[in-house]
1. Calculated FRET efficiency, Ala53 and Gln132, Cβ-Cβ r, R0 25 Å, to nearest 0.05?
2. Please give the residues of region 132-170, grouped as numeric ranges, whose backbone N is less than 16 Å from a label point set 7 Å along the Cα-to-Cβ vector of Val43.
3. Could you provide, to the nearest whole Å², the per residue accessible area of region 97-179 with probe 1.4 Å?
4. First compute the accessible area of region 23-88 with a 1.4 Å probe, then give the percent of it belonging to carbon and sulfur atoms.
5. Just the accessible area for Lys169, please: 1.4 Å probe, Å², rounded to the nearest 10?
6. Note down the accessible area of Ser118, probe 1.4 Å, to the nearest 10 Å².
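The values are calculated or read from the model by the stated rules, or taken from the named source; none is laboratory data. This is a predicted model, so every value here is computed, not measured. Every residue, glycine among them, receives a Cβ derived from its backbone with ideal geometry; neighbour counts consider all protein chains shown. These area figures cover heavy atoms from the full protein model, side chains too; ligands, DNA and RNA do not enter into them. Shrake-Rupley method; radii C 1.70, N 1.55, O 1.52, S 1.80 Å.
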Amino acid sequence: MSWAVRAEVVQAEGVTEETLTLRPPANRVSRRAIGYWTMWAAVGWVVLIGVQAVFVLTSDEPPTWLTVTLTISCVLGPLHLLVMPQWRYRIHRWEVTGEAVYTQEGWLKQDWRIAPISRIQTVDIERDPVEQLFRLAKITVTTASAAGPVKIAGLDHADALALAAELTKTTQSTPGDAT
């Protein structure tokens, strides 16, 4: 399936239009993102199962529904930890060309974005403490779009630095005022 997206490109002589095709981006995120996503999901499941277990174990007669939800959580948690990170790794992609930044992300709800280079206003690199442990970073590309910034998460830190430098260089040499 191919989607055509109209993007205005502001040039010195005036406004022209070019068609950018929304397509699957070429680059995958770092494989270490699988461990990062697994770790965050595991923390959520441990908290959920722990709270349920405390209520079941400390109640004289725990409600049946709580015992059932604890059992379901104990089955779904490990299944989620096995499937979700691998699935996200297959879906999450990015690509930067001379004309645009392409991203694809999500696992249940998938989001495809395209940001023309001429619309880029800022490029930021973010790393939370856990991303630093996994040597990962995320790039946030702020554009003149009501849809908000384009984010590329799960990048190798060195790749994120190189990508930010490339985007900065490209946007500086692109005509237009990014509005």
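1. Calculated value: 0.20.
2. Only 132-138, 154 fall inside the zone, counting backbone N under 16 Å.
3. Accessible area per residue, region 97-179: 50 Å².
4. 74
5. So the heavy atoms of Lys169 present about 150 Å² to solvent.
6. Its heavy atoms expose roughly 20 Å² to the probe.
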